[in-house]
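What follows is a set of notes on a single structure, which appears directly below.
None of the figures in this text is laboratory data; all of them are computed from the coordinates on show. Just so it is clear, the structure is predicted and the values come from calculations on it, not from any experiment. FYI the Cβ positions are ideal-geometry reconstructions off the backbone, even for glycines, and counts take in every protein chain you see.
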Amino acid sequence: MLKVGITGQSGFVGSHLFNYFGLKSEIQRIPFEDCYFDDISLLQDFAGTCDVIVHLAAMNRHEDPEVLYNTNVDLVRKLIACMETTGNNPHVIFSSSTQEELDNLYGRSKKDGRILFGKWATKTGAKFTPMIIPNVFGPYGKPFYNSVVATFCHLLTHGGEPQIHVDGELKLIYVNELVEQIYQVISGNISESPFKVPSTSELKVTGILELLVKFKNLYFEKGIIPELNSTFKVNLFNTFRSFIDNTSYFPVRLIRNTDERGSFVETIKLGTGGQVSFSTTRPGITRGNHFHTRKIERFAVIKGKASIQLRQIGKDDVQEFFLEGNEPAYVDMPVWVTHNITNIGEEDLFTIFWINEWFDPNDPDTYFEKV
């Protein structure tokens, strides 16, 4: 089993990569905490244990560029020193940036860090793979820090007004696509060094904001799933959804139209296809306890009483929502969030499920983990 550690494990890319490796049976994840850089003994234990180290830890922004530069280069030096002390020569994968080509101290810190790792690898005979990475976006990014996409999503879902200062053309890669590329490097399927990670989409900042505003108008304000006719739009929509405060947004109350014939409730309006399912659940029974990495899913309770629980993978906090058929409502399942539904009533529970793609037994995108 390959022992893989990730510096910067708690960060945006690091947390996604750590969770992704948890799906790979051939990988043993070696935990890392940011405080290890302040405790040489802990950093040495980490450096001496790993077969592969993915070095993501870095400062992206600081009011003093000199502090940013010195911090990033010092992190590289500390890691190299600990590997030399332990005599362990793991495969080091270094996250660099297209900003290496720009005349700024962040880009220079990445370039100089890459050079330091290269000299260490040449001296020790270790394997070293620098990755030149384009702009990364995805769920749970840090606004005003990781990317303009994260900033726009946060502002649009929290009452803010996004501003465009420079309408540049952005070369983007979705975080799921990036972690897959890192996995391919570890697996030996990519041997380029340095490896210039190709972007998977290119769009102007105005184009990104236009799509996100549409998501806000349709989904956030009206509950309509927008038309998602490309992989990029699905990825951007999943990113947008991750910034919604679930505890204040869900459950969304539906309008019930009642006459002498009974009741009629519109559960979902689609700008895209997918699959709608219906289930009955006996009292005390729980369904689910699984998560998806790309699928968009909605649970709508139309009869009975239900508890719906959500927990983000890698986190401990559980969110719980109580729904009743006499007040029809729904809860949507974010990606990388394990979820379940339990009948807590005394009669059968009636639930409608919608998901944005048909079930494919060869690629189900369904991973079981208890909430």
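Below, the figures for the structure above:
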read-out	value
Share of alpha-carbon pairs per 5 Å distance bin for the range 2-209, given as whole %	1, 7, 15, 19, 21, 17, 10, 6, 3, 1, 0
Helix-only mean residue ellipticity at 222 nm for the chain, each DSSP H run of n ≥ 4 adding -39500 (n - 2.57), per residue, nearest 500	-9500 deg cm²/dmol
Potential extension, Lys123-Asp316 segment - 0.36 nm per residue separation minus Cα distance	65.2 nm
Assigned charges on the beta-carbon of Lys, Arg, Asp, Glu; the chain dipole about Cα centre (debye)	420 debye
Descending semi-axes in Å of the range 1-123, equivalent ellipsoid built from Cα gyration tensor	23, 17, 14
Order of His91, His339 - criterion: other Cβ atoms within 10 Å of each residue's Cβ, fewest first	His91, His339
Rounded to 10°, Cα long-axis angle of helix 231-242 versus longest principal axis of the chain	80 degrees
Lysines with Cα under 18 Å of Lys3, excluding same-chain neighbours fewer than 8 positions away	Lys24, Lys127
Ordering of 341-347, 224-230 by packing [mean C-beta count within 10 Å, highest first]	341-347, 224-230
Ranking of His165, His292, His62 by count of other Cβ atoms within 10 Å, fewest first	His165, His62, His292
Helix 105-124 axis, angle to the chain major axis (alpha carbon atoms, nearest 10°)	60 degrees
Considering only the chain, percent of DSSP beta bridges that pair antiparallel, nearest 5	65 percent
Over the range 149-265, equivalent-ellipsoid semi-axes from the Cα gyration tensor in Å	36, 19, 12
Within the range 4-111: Cβ-based charge dipole about Cα centre, in debye rounded to nearest 20 (Lys, Arg +1; Asp, Glu -1)	300 debye
Straight-distance crosslink candidates among lysines, where the alpha carbon sits under 17 Å from Lys78 and sequence neighbours closer than 8 are dropped	Lys110, Lys111, Lys119, Lys123
Size of the range 246-368 as Cα extents on the principal axes (Å, biggest first)	47, 31, 28
Neighbour net charge for Asn289 - beta-carbon separation under 12 angstrom, K R +1, D E -1	+2
Between 0 and 90°, nearest 10: helix 205-215 axis offset from the chain longest Cα axis	30 degrees
Loop GluC sites (Glu not before Pro), the range 46-133, which have at most 16 other Cβ atoms in a 10 Å radius of their Cβ (DSSP)	Glu63
Peptides 12-24, 119-131 ordered by average Cβ neighbours within 10 Å, highest first	12-24, 119-131
Two-decimal ratio, the chain, of alpha-carbon radius of gyration to 2.2 N^0.38 Å	1.11
